[in-house]
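Trainee: Before anything else, here's the structure in question.
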Protein chains: 2
Amino acid sequence: MAERRRMGYSMHRKILDEGAVDEMAEKSDSKTSLSEKVKKSMRCSGPRLKNCLLGTVPVVSWLPRYSIRENALGDLISGISVGIMQLPQGMAYALLAAVPPVFGLYSSFYPVLIYFIFGTSKHISIGTYAVMSVMIGGVIERLAPDSNFMIWDNETNSSIIDVTSRDAERVRVAAAVTFISGLFQIVLGLVQFGFVVTYLSEPLVRGYTTGAAIHVIVSQLKYTFGISPVRHSGPFSLIYTVLEVCYLLPQTNVGTLVVSIVAIIGLILAKELNAYLSKKLPIPIPVELLGIVIATVVSWQVDLNGKYGVDVVGLIPSGLQPPALPAVSLFGQVIGDAFALAVVGYGIAISLGRIFALKYGYSVDSNQELIALGLSNSVGGFFQCFAISCSMSRTMVQESTGGKTQVAGALSAIVILFITLWIGALFEDLPKAVLAAIIFVNLHGMMKQFMDIPALWKSNKVDMVVWVVTFILTVLFNPDLGLAASIGFSMLTVIFRTQLPQYSLLGQVPDTDIYRPLEDYNQVRQVPGILIFHSSATLYFANAEMYQDALAKKSGFNITKILSAKKKLEAKRKRHEKKNAKKAKKAAKNNAVDPGKGEPEKEEKDIAIIEIDAEHDPSLPRAIILDLSPVNFLDTVGVKTLRRIRNDYEEIGVEVLLAGCQTGVVDNLQTGGFFNEKVTKSCLFYTVHDAVLHCQSSRKLSQDKEITATHF
Amino acid sequence: MAERRRMGYSMHRKILDEGAVDEMAEKSDSKTSLSEKVKKSMRCSGPRLKNCLLGTVPVVSWLPRYSIRENALGDLISGISVGIMQLPQGMAYALLAAVPPVFGLYSSFYPVLIYFIFGTSKHISIGTYAVMSVMIGGVIERLAPDSNFMIWDNETNSSIIDVTSRDAERVRVAAAVTFISGLFQIVLGLVQFGFVVTYLSEPLVRGYTTGAAIHVIVSQLKYTFGISPVRHSGPFSLIYTVLEVCYLLPQTNVGTLVVSIVAIIGLILAKELNAYLSKKLPIPIPVELLGIVIATVVSWQVDLNGKYGVDVVGLIPSGLQPPALPAVSLFGQVIGDAFALAVVGYGIAISLGRIFALKYGYSVDSNQELIALGLSNSVGGFFQCFAISCSMSRTMVQESTGGKTQVAGALSAIVILFITLWIGALFEDLPKAVLAAIIFVNLHGMMKQFMDIPALWKSNKVDMVVWVVTFILTVLFNPDLGLAASIGFSMLTVIFRTQLPQYSLLGQVPDTDIYRPLEDYNQVRQVPGILIFHSSATLYFANAEMYQDALAKKSGFNITKILSAKKKLEAKRKRHEKKNAKKAKKAAKNNAVDPGKGEPEKEEKDIAIIEIDAEHDPSLPRAIILDLSPVNFLDTVGVKTLRRIRNDYEEIGVEVLLAGCQTGVVDNLQTGGFFNEKVTKSCLFYTVHDAVLHCQSSRKLSQDKEITATHF
């Protein structure tokens, strides 16, 4: 670095304050008013309307230009692979959502077709998603718990659950919440609120999905151990559930546990093999499909359900069901959950969509994505689907097996339709524990996200705190409330970050116009008689007071004390003057020498000393320069603070100059009433260096004048 | 301005990047670690302990130094004046709080004495406060509504309210919520959370108090008209109450209305007279005291209650009541309200305290104030007081009548004690309508705050929105919930403000090193071949995407398209190479002339053209400089965005440089992994001008090299 040739540069110019720069560069006043902006955005024209229509139904614009030669083969292979994956995942995630497995298949069919028509991402695989499913499961357990469907069994003389009516109610709840969340997404998309996703920062999303994964795991433990704990809902329900599971562990069904362990180990080994062979195989082995086929065959041959009491999937109805209106009466009870589902589903889909858009050089329209997902969900709600988003693992498969357009998704939907119509019924003997095992193995990617913590610790501690807090809030308060709390917290961090700025005094790097914090550099010199104060953050209501305190602390003298001393002095002087006047009167009356004359003289001296202290104290700087370059905006509190600082210090004879204000900040100062006939834009300077030179030159001038004055 | 002599300045230095500056100014690495900071703040020593004790009980440090000669007279007059004001205000605010008037007197006594011992502000008048009283009233109406105390009256054969047991319960509720709010304040003070008040920005506090004043007025209408509407609680209760009052207007008690109108007009006239005479009188006329004395005498003589059915204060017990333990069973139900009371009470007291501290040049300790108020409230809770804060009007009187220390407050408490013990019982015939009139007249200051709206509209629109939203939220959702919602909203404005920055391209003010937005100035020229991009706000998760979009839009070329074209081209080239290799193999095999040789040549040409397009397109700039001077901090999303911008543009041959980073931002870049072996600190420059000169000089170098290369 040191050997690198460094070019020099020379600059000769006048010291410019804000007013002079405005004059020189001819500041233009023309600004587009708000009404004009609104008008512009509302303007309607023919091509614009056409674009809008094409934008709303993207399939119209891209399908006619579909190149069969280039894309068809890749889309076909990819579509079949993804379809095969949708089958076990759909059934497993239906368990998570607490509805019968076949509804997972429906959810992998209708919404995918709708997205094909309206979606703009070519690579993401729409369908069931673990986090969304567990959120739906939470709603269902709250609104349709087992306890609501207890009936008295006359045969065994005990109360049992009426599974049929329970499941029918659960499907109704799922469809209602899905429909409403879809409506939310459509409305958000129509009012162009796609930007809300910007609040879902990466640390937040990763912490959130990891926390949700914990919920997924806990909700599947009952299938793994073959126990039936009471499911809890509301805050801290996870802890209660874990306690309940621990309590019920002695009742574990050994057969189920064995099936679980075998399935998990088998799946992990097969996935490892897949990863190992990935370069040699054109398409990955459908591990999960093989898993459920083998499990079903074994379960059917050995009669796991009858002999060992292993819980199996049970009756799977063939064929599709006619659409039904969502239950309007439930809307009021699910509106909060629906909103959370809408935001989470969109957040996951758009972030994955963007990754692939970036990779393949196209763009996804965030508002259109909202509408596409919204339509998928709301139409899905009519067909008893539960809320969908896109799954990371399926998307990876869709892309890696050569999927190039949305056609791959449509083909996967057709595969699912085929399975639903003719093959689905064959999986009746599949143990639920195997589906739970599939969920566990699919979560390993999310578990890897725990490694974010050390990585973020190294790169950004605040973001690490966001991750950890989001995770904890999600685990404790469930995915819906947890999300809201986490977004609130991550916004608070912005406040905290700007609320606790670093305050420092700047000094000059010798022989340059560069100013750096005195405490960070050894070769930086304070400019004599001038304090340069820098805050690393915007000045606004939350840190205005601290700004003043820090300035007082860093400047090393107590402005309040000096001011109050000055005030007391003035009061004293006034009293003294009054006294003198009285005495003069008396003296005039008495016309005699006043015997107490010595005292006022002494007092006068006192006053003089304090006055000198306050106005010419050599320990006081001549000027204070406030470096405002990191200020993004000023609110009224900020402007008032600056005005107060200026007034206070001017009162004790210290000049206050501002440096480095952006144009927006200058406007804030102006409208906020910072300037008046005494304070003009001439106290604003483009750089700290300008301000420093201004101080030095004006002091020199006044000294020169003084000298001249003494000489004459 | 133009005539002012302007000094010139010359600067000759090397073009310095961040690394070079660090080297030159010798950046020091020593930073105090977190653990050291904690250790330092925990360190305990003798003098420190003594200071701490003196700080906790400030009376110990200032009372021994109390100068009787200087302060006693002022404090005495001021104390008596304030005590006289406390009497009518205390009784009136007790009506607001829905407890019998005598408890307002207790609340003006005990807490004031406690504050005398622990408080640090010398001028504020602690005691009952309208906003707090109406909040307490809300809690009481919720937990002890009239409907809970209906009993059957055998004489009249109708249900009447059991006033005695109702009032006893109401006092219990008030004491409980007051005790808990005091505890909150003590705890917040002990953990040094005094800074929470910084979230209560001035527009927020003013909008809030105005909104609360509306609640106060509405809750007093029933006394003015002599009607008895059902009181509502919860959101929108104000609207329901207003509707109910309108509905009951025909039942107005004419006698009461006449008393109200006479009292209001009389008080306003007397106050105007007071203002007019304020310079001539040493102490103001005790308007309110005169008002209640006259009203009591008239009411007693005319028998307003008996003859006209005017509601009067009723039995006032003489003497003090023994302390009682607050009702623990109520704590759970009032905890939220108590927190709101704690924050509001503290917010009002500290902001008034600071105003006078500033005026008289002393300082109030925000944490000690919290503890003092907390002790006042929690001790008050034992003596059936309701929550207190400080009142603006009394404070003004305390200061203007010459009060100089907390002794004035203590004297006012003694006045109240005297009244409670011997005179209070005389006010039994005072009409409640007169107390309501006192409240109305005292609120005129808050009503004047509506004038903030036009003032803020001129000075700062965002702050005006905060004011208006706070007002509306407070009116609609009551003072407790409204406060929380308003604080949330005012924090969101910080996000909004930084989330919607102004993006602009900068150009050079001719012959200077000053760069300003091109669209704002006429004489600013774009530097040829260099784009300088400026955002007015910090770059972080909420605006990172917009930053990229704005850069793409402002730069005028679509980086995504160019990149995808480049990627396609590369894919094509690869395919082409493969083909060629195959062909070459074939050719080698066949050893014959290939008939289709023309085709690949054409393809090659295509590739070459696109390549030239992408890498030497004259429409592309040579470099992009990102001006990061307004950036306060970078989170991981911000660092990633910068890294992505750098990578993308470098790929199409555009250099990306950063300018104006603060030291903290450089640290963020470093820990966030922005730098690697290829990207060093040499792409960071102190100013935009340094970066521009660097680009120009390096281009010149490379051109020189090229020329040299061609010559040889």
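The values are calculated or read from the model by the stated rules, or taken from the named source; none is laboratory data. All values reported here derive from a predicted model rather than from experimental measurement. With ideal geometry, Cβ positions are generated from the backbone for all residues, glycine too; neighbour counts draw on all protein chains shown. These area figures cover heavy atoms from the full protein model, side chains too; ligands, DNA and RNA do not enter into them. Shrake-Rupley method; radii C 1.70, N 1.55, O 1.52, S 1.80 Å.
Trainee: Based only on Cα atoms, what mean projected area does the convex hull of segment A:93-185 have, in nm²? Walk me through the numbers before you get to the answer.
Mentor: Numbers: hull surface 27.0 nm².
Its average projected convex-hull area is 6.8 nm².
Trainee: Here is a further query. Could you report the accessible area of A:Cys695 in Å², rounded to 10, computed with a 1.4 Å probe on the protein chains as they sit in the structure?
Mentor: 10 Å²
Trainee: Another question, if that's okay. When DSSP assigns beta bridges and you keep just the ones with both residues in chain A, what percent turn out antiparallel, to the nearest 5?
Mentor: 55 percent
Trainee: Given C-alpha coordinates of segment B:61-217, what is the ratio Rg to Rh with the Kirkwood estimate of Rh? Don't jump to the answer; show the numbers that get you there.
Mentor: On the way: Rg = 19.5 Å, Rh = 18.4 Å.
Using Cα coordinates only, the ratio equals 1.06.
Trainee: Is the shape of the protein assembly as shown rounded, prolate or oblate, going by the alpha carbon gyration tensor and its root eigenvalues a ≥ b ≥ c, with a/c under 1.5 for rounded and a/b larger than b/c for prolate?
Mentor: Numbers: a/c = 2.44, a/b = 1.28, b/c = 1.91.
Oblate, since a/c reaches 1.5 and b/c is not below a/b.
Trainee: What area, in nm² and to one decimal, does the C-alpha convex hull of segment B:72-495 cast on average over all directions?
Mentor: Values: hull surface 84.1 nm².
For segment B:72-495, averaging the hull's shadow over all directions gives 21.0 nm².
Trainee: Non-local amide H neighbours of B:Thr687 (under 5 Å, H modeled in plane, Pro and chain starts lacking H): which ones?
Mentor: B:Gly660
Trainee: With +1 on the Cβ of every Lys and Arg and -1 on the Cβ of every Asp and Glu, and nothing else charged, how large is the dipole of segment A:72-495 about its Cα centre, in debye rounded to the nearest 20? Write down the numbers at each step before the final one.
Mentor: Numbers: 20 positive and 23 negative charges, 213 e Å.
Roughly 1020 debye, rounded to the nearest 20.
Trainee: So if I place +1 on the C-beta of Lys and Arg and -1 on the C-beta of Asp and Glu, and nothing else carries charge, what would the dipole magnitude of chain A be about its Cα centre? I want it in debye, nearest 20.
Mentor: Values: 68 positive and 61 negative charges, 466 e Å.
Charge dipole, chain A, about its Cα centre: 2240 debye, nearest 20.
Trainee: Can you list the HN-Hα couplings for segment A:252-258, worked out from phi with the Karplus curve (6.51, -1.76, 1.60; θ = phi - 60°), rounded to whole Hz and with x for Gly and Pro?
Mentor: Once rounded to whole Hz, the list reads 3, 7, 4, x, 4, 4, 4.
Trainee: Also: Below 8 Å between Cα atoms, with a sequence gap of 6+, how large is the relative contact order for chain A in percent? Each step should come with its number before you reach the end.
Mentor: Numbers: 1073 pairs, mean separation 146.5, N = 712.
Worked out over chain A, it gives 21 percent.
Trainee: Rounded if a/c is under 1.5, else prolate if a/b beats b/c, else oblate: with a ≥ b ≥ c from the C-alpha gyration tensor eigenvalues square-rooted, which is segment A:193-294? Walk me through the intermediate numbers first.
Mentor: Values: a/c = 3.03, a/b = 1.05, b/c = 2.90.
Because a/c hits 1.5 or more and a/b fails to exceed b/c, segment A:193-294 counts as oblate.
Trainee: Related question: Helix B:544-555 against the longest principal axis of chain B: what's the angle in degrees, Cα atoms only, rounded to the nearest 10?
Mentor: 50 degrees
Trainee: Taking amide H atoms as placed 1.01 Å from N in the peptide plane, list the residues 5 or more away in sequence, or in a different chain, whose amide H sits under 5 Å from that of A:Glu519.
Mentor: Hits under the 5 Å cutoff: A:Leu505.
Trainee: Over segment B:433-565, consider all pairs of different Cα atoms and compute the Kirkwood hydrodynamic radius from their mean reciprocal separation; express it in Å, one decimal. Don't jump to the answer; show the numbers that get you there.
Mentor: Working: mean 1/r = 0.0521 Å⁻¹.
Hydrodynamic radius (Kirkwood, Cα pairs) of segment B:433-565 is 19.2 Å.
Trainee: Can you tell me the orientation of helix A:407-418 relative to chain A, as the angle in degrees between its alpha-carbon axis and the longest Cα principal axis, to the nearest 10?
Mentor: In chain A, helix A:407-418 runs at an angle near 40 degrees to the longest axis.
Trainee: Let me ask something else. Please turn the phi angles of segment B:235-242 into ³J(HN,Hα) values with the Karplus equation 6.51 cos²θ - 1.76 cosθ + 1.60 (θ = phi - 60°), one per residue in order, whole Hz, x for glycine and proline.
Mentor: x, 6, 4, 4, 5, 4, 4, 4
Trainee: Compute the helix-to-body angle for B:432-442: its Cα long axis versus the longest principal axis of chain B, expressed 0 to 90° and rounded to tens.
Mentor: 40 degrees
Trainee: Can you send over the solvent-accessible area of A:Thr663, 1.4 Å probe, protein chains only, in Å² to the nearest 10?
Mentor: Its heavy atoms expose roughly 30 Å² to the probe.
Trainee: If one takes the accessible area of chain A alone plus chain B alone and subtracts that of the pair, with a 1.4 Å probe, what total in Å², rounded to the nearest 100, results? Kindly include the intermediate steps, with their values, before the conclusion.
Mentor: Values: alone 38060 and 38130 Å², together 67050 Å².
Buried area between the two chains comes out at roughly 9100 Å².
Trainee: With a 1.4 Å probe and every protein chain kept in, tell me what percent of the accessible surface of the protein assembly as shown is carbon plus sulfur.
Mentor: Values: 42280 of 67050 Å².
Roughly 63 percent, rounded to a whole number.
Trainee: How high is the relative contact order of segment A:72-495, in percent, with contacts defined as C-alpha pairs under 8 Å that are six or more residues apart?
Mentor: On the way: 776 pairs, mean separation 163.0, N = 424.
Relative contact order of segment A:72-495: 38 percent.
Trainee: To the nearest 20 Debye, how big is the dipole of segment B:157-268 about its Cα centre, given +1 on the beta carbon of each Lys and Arg and -1 on that of each Asp and Glu? All intermediate terms of the calculation are to be shown ahead of the outcome.
Mentor: Working: 6 positive and 5 negative charges, 3 e Å.
Around 20 debye, computed over segment B:157-268.
Trainee: In 5 Å bins starting at 0, how do the alpha-carbon pair distances of segment B:360-465 split up by percent?
Mentor: That works out to 2, 8, 9, 16, 18, 18, 13, 8, 5, 2, 1, in percent per bin.
Trainee: If you rank B:Trp62, B:Trp422 by how much accessible surface each has, with a 1.4 Å probe, what is the order from largest down? Each step should come with its number before you reach the end.
Mentor: On the way: B:Trp62 40, B:Trp422 165 Å².
Ranking B:Trp62, B:Trp422 by accessible area, largest first, yields B:Trp422, B:Trp62.
Trainee: Now a separate question. When you have a sec, figure out the Kirkwood radius of segment B:478-517 from all distinct Cα pair distances and drop it here in Å to one decimal?
Mentor: Values: mean 1/r = 0.0751 Å⁻¹.
It works out to 13.3 Å.
Trainee: If I take the Cα coordinates of chain A and project them onto the principal axes, what are the three extents in Å, biggest first?
Mentor: Projected onto the principal axes, the Cα atoms of chain A cover 129, 65, 56 Å.
Trainee: Alpha carbon centre of segment B:42-105 versus segment A:238-297: separation in Å?
Mentor: 71 Å
Trainee: Sticking with this structure for a sec: In Å², and per residue, what accessible area does chain A have when probed at 1.4 Å with the other protein chains present? Present the calculation step by step, with values, prior to reporting the outcome.
Mentor: Working: 33510 Å² over 712 residues.
Dividing the accessible area of chain A by its residue count gives 47 Å².
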